Amino acid sequence: MRLSAELRWFWNGEPAQEFDRWFVEAGQSWPHAKPAKTRLDDYLVDHQQSALSIKKRSSGSIVEIKGLITARHQTLRFANCTAHTELWAKWPISALDLSSGRVVAIEKQRRMRSFRANRPGVREVPPSSEEPSTQAASGCNVELTRISGPDKSSWWTLGFEAFGALEEVEDLLAATLAEMNRRKPPPPTRGQACSYALWLAKQRW
């Protein structure tokens, strides 16, 4: 099981060029984001369910079950966007077959930045020297992802996912958010603050 504290927003269309450039490029004290990676994820469809997502990468055999534990009352801010911190748990399983259910294929092109604890804040791990995320015990990933729905609609999402022990994930999330805000992002329009599970439940694919 992997425990995480998360924030996420969704927008229609493409990210503004200025914001996209800010996220991707290096600054005076931080490296470039990781190279873009494209993949297809197959999600089980349930429009009545917004606290659980079940997906499988189209190229793999492992099914990932992700469930909401709780939403905190406190809100955090990134640029001009606010959201409640959500705690999630994730379980991989190979003995679950999604072929009997209705699934939708979501194409994702993702750019990511990865952070590790560096008391009292965080440090960014350069892509050239970063350990595989599956080997890191704790940290926070920040992703900017372009999405293409099964109807070819265009979306993009910005997500913060801090992972590790229960007593540290919220501090890691807040420290990473503070570091990204320190870099003075060009404010995007206010997006929909919601998880993938809630966003998918709202669609009518």
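The values are calculated or read from the model by the stated rules, or taken from the named source; none is laboratory data. Predicted, not measured: the structure shown is a model, and the values here were computed from it. Note that we place each Cβ from the backbone using ideal geometry, even for glycine, and neighbour counts take in every protein chain shown.
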Query - Unique residue being surrounded by fewer than 14 Cβ atoms within 10 Å (Cβ to Cβ), at pLDDT 95 or above, out of contact with any His (no Cβ under 6 Å at 6 or more places or on another chain) and more than 19 Å from Arg21 (Cα to Cα) when the list is Glu131, Glu167, Glu161, Glu107 - result: Glu167
Query raised in the report: Is one or more of the residues making up the stretch 79-96 in contact (Cβ under 8 Å) with a residue 12 or more places away in the chain, of a type in the set (Ser, Thr, Tyr) and touching a Lys or Arg at 6+ places or on another chain (Cβ under 7 Å)?
Result: yes
Requested in this report: May I ask you to verify whether Ala89 is within 14 Å of the chain's Cα centre (by Cα), loosely packed, with under 15 Cβ neighbours inside 10 Å and not in a loop (DSSP other than H, G, I, E, B)?
Outcome: yes
Report summary line: Residue set Arg72, Arg116, Arg110; condition touching a strand residue (DSSP E or B) at 6+ places or on another chain (Cβ under 6 Å), more than 20 Å from Leu198 (Cα to Cα) and not hydroxyl-bearing (Ser, Thr, Tyr); output residue Arg116
Requested in this report: Identify the residue in the stretch 163-205 that is assigned to a loop (DSSP other than H, G, I, E, B) and closer than 25 Å to Glu64 by Cβ and, among all such residues, is nearest to the chain's Cα centre (by Cα).
Outcome: Ser195
Report summary line: Gly13 passes all but one of the listed conditions (1) under 17 Å from the mean Cα position of the chain (by Cα); (2) at positive phi; the exception is number (1)
Report summary line: When Phe160 is run through (1) closer than 12 Å to Ala5 by Cβ; (2) outside any strand (DSSP E or B); (3) not small (Gly, Ala, Ser), the failure sits at (2)
